[in-house]
1. Looking at ILE237, ILE208, ILE212, ILE155, can you tell me which residue is in contact (Cβ under 8 Å) with a residue 60 or more places away in the chain, β-branched (Val, Ile, Thr) and in contact with a Lys or Arg (Cβ under 6 Å, 6 or more places away or on another chain)?
2. Which of (1) free of Cβ contacts under 8 Å to residues at least 12 places away in the same chain; (2) of a type in the set (Ser, Thr, Tyr); (3) not in a loop (DSSP other than H, G, I, E, B) is the odd one out, the single condition TYR399 does not satisfy?
3. Would it be correct to say that TYR493 is aromatic (Phe, Trp, Tyr) and touching a Gly at 6+ places or on another chain (Cβ under 8 Å)?
4. If you go through segment 95-150 one residue at a time, how many are surrounded by 14 or more Cβ atoms within 10 Å (Cβ to Cβ) and assigned to a loop (DSSP other than H, G, I, E, B)?
5. Please specify each residue of segment 43-68 satisfying the condition of being in contact with a Gly (Cβ under 6 Å, 6 or more places away or on another chain) and closer than 22 Å to ARG2 by Cα.
6. So which residues in segment 423-477 are closer than 13 Å to THR394 by Cβ and out of contact with any helix residue (DSSP H, G or I) (no Cβ under 9 Å at 6 or more places or on another chain), if there are any at all?
7. Consider segment 166-204. How many of its residues are in contact with a Leu (Cβ under 9 Å, 6 or more places away or on another chain), more than 24 Å from ASP138 (Cα to Cα) and surrounded by fewer than 18 Cβ atoms within 10 Å (Cβ to Cβ)?
8. Are there any strands (runs of 3 or more DSSP E) wholly within segment 238-333 with 1 or more residues that are buried (at least 21 other Cβ atoms within 10 Å of the Cβ), and if so which?
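The values are calculated or read from the model by the stated rules, or taken from the named source; none is laboratory data. What you see is a predicted model, and the numbers here were worked out from it, not measured in a lab. We place every Cβ from the backbone using ideal geometry, glycine too, and count neighbours over all the protein chains shown.
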Amino acid sequence: MRKNGVLMPVASLPGKYGIGCFSKEAYKFIDNLKAAGQSYWQILPLGPTGYGDSPYQSFSTFAGNPYFIDLETLIEEGLLKRAECGKYDWGSDPHRIDYEKIYLSRFKVLKHAFKRFDYANDKDYGKFVAKNSFWLEDYALYMAVKNSFGGVSFIEWDEDIRRHEEKAVDEYRKKYAEEVEFYKFIQYEFDKQWTALKSYANKNGVEIIGDIPIYVAFDSADTWAEPKLFQFDKNGIPTAVAGTPPDAFSKTGQMWGNPLYAWKYHKETGYEWWIKRIRHCLKLYDIVRIDHFRGFDEYYSIPYGSPNAVNGKWVKGPGYALFRAIKKELGDVNVIAEDLGFLTPSVLKLVKDTGFPGMKVLEFAFDSREDSDYLPHNYVKNSIVYTSAHDNDTILGWYDSISKADREYADDYLNNAGHTGEELAWDYIRLAMASVSDTCIISMHDFLALGSEARINIPSTLGGNWVWRMDKDAFTKALIKKIYFMTCLYSRYPQKLNEDARKKAEREKTKAAKEEPKEKKVTAGKTEKSKKTGPKKK
């Protein structure tokens, strides 16, 4: 079934307190998606972020970002006072996120709410803590201990607690009991607010496409609490880390620094941790996009401590065995495989074997030197087409940056030579929607026809990323109407199609009833009239 959706980070929503969150603006965004005939809202990872502010480098693969908790909701619940929120500096630019100011303000405000929260007697809180104890206990302690060491990575902690020794864990848990409880409270409020928002979206016909990185951050509760899951030596130090090899875009490759999985151990446990992770994601989202899907087939391994990614090597991953285990435990799961970049035959086979749809990004299509799998005439139905994604420039920014030859090729393909601005952006939106791909996702900054100022991320760079926010009045009625028209034009709004089919069936039924000839009923060779009156008496 053909459907359409919008890629829009939660952080990029408009609203108070410096960053998009689960506020009334999020609910309004869902209302607008519904009015525009959209079936999906795709977001970025929801985990708590650290240095660099990347949602793909989180302190926990299970926890939620405290920045997304709506403070207005806490005010309504009596846990905060408006004056307490108003006395902090959240940044002055409504179109850019100032993470430093948010970091210095957000936790102080949440501490006020925590002091008013009766966690000892709140039954719902108790149920949440018990249900999520398999990750929540370690995460809350990790954050409390991390704060006690001035925020440095666990690799720099005292040896006993760095190694997660049982005695040290018990001592720190008692010493920082209140701080541990504070981080549990944050996760409770996050879960409560996100569950309500997702439920609202689902009731309005909008499904959530979540996003998870294949790897976890080195500085995370996951690596600290369960080192057996990763390629660590006996001293708890990584033996190798993740990245990508040198290519045309980077002569020394990309050094991501994430710890690599100890896949042999995962296999011995029946991939228990991965099953827990996917189960948790399917509670948060309706569909899960897994970033860097290639890593399940082969992953690039770089010796720990290397200055760059030049001396890395490709190593075989778990392959289909992982997804066989997940399917056995969880059934058919809704997953999108991020299969962008150079793909080997074995990667293509893995994607095909799983049955998961892969991704097509229009900005990768127009290389004037060769035909591309990203050109719409090469798509298959089981795919997700994007105008641009979070790591790409906006359509207008991309178009301005490509070579003259590539631009001419793109103009010829779309027959849009001379188009600029909004008209040009919508040429590519139309191309994506008209494609054969079952699902089409348009980045919000492309619907708004914005330039590079609205780009979300530039890979392998620090600073200036993840900061764009949409103007509060940008999602206008005129834009909603335009999106709705295009979505219906290319048969990507099932509710509209179903309603049209129902109305058509009713019209045909009514028409048939009117055209049906009227016949007199006959009983035993006599008309109804003669049966009713009988023969006349002589």
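1. Sole residue among the options that is in contact (Cβ under 8 Å) with a residue 60 or more places away in the chain, β-branched (Val, Ile, Thr) and in contact with a Lys or Arg (Cβ under 6 Å, 6 or more places away or on another chain): ILE208.
2. Of the numbered conditions (1) free of Cβ contacts under 8 Å to residues at least 12 places away in the same chain; (2) of a type in the set (Ser, Thr, Tyr); (3) not in a loop (DSSP other than H, G, I, E, B), the odd one out for TYR399 is (1).
3. For TYR493, the condition - aromatic (Phe, Trp, Tyr) and touching a Gly at 6+ places or on another chain (Cβ under 8 Å) - is met.
4. Result for segment 95-150: 8.
5. Correct list: empty.
6. Selection gives ASN457, ILE458.
7. Number satisfying all stated conditions: 1.
8. Once the strands (runs of 3 or more DSSP E) in segment 238-333 are filtered for at least 1 residues that are buried (at least 21 other Cβ atoms within 10 Å of the Cβ), what remains is 240-244, 254-259, 287-290, 298-303.
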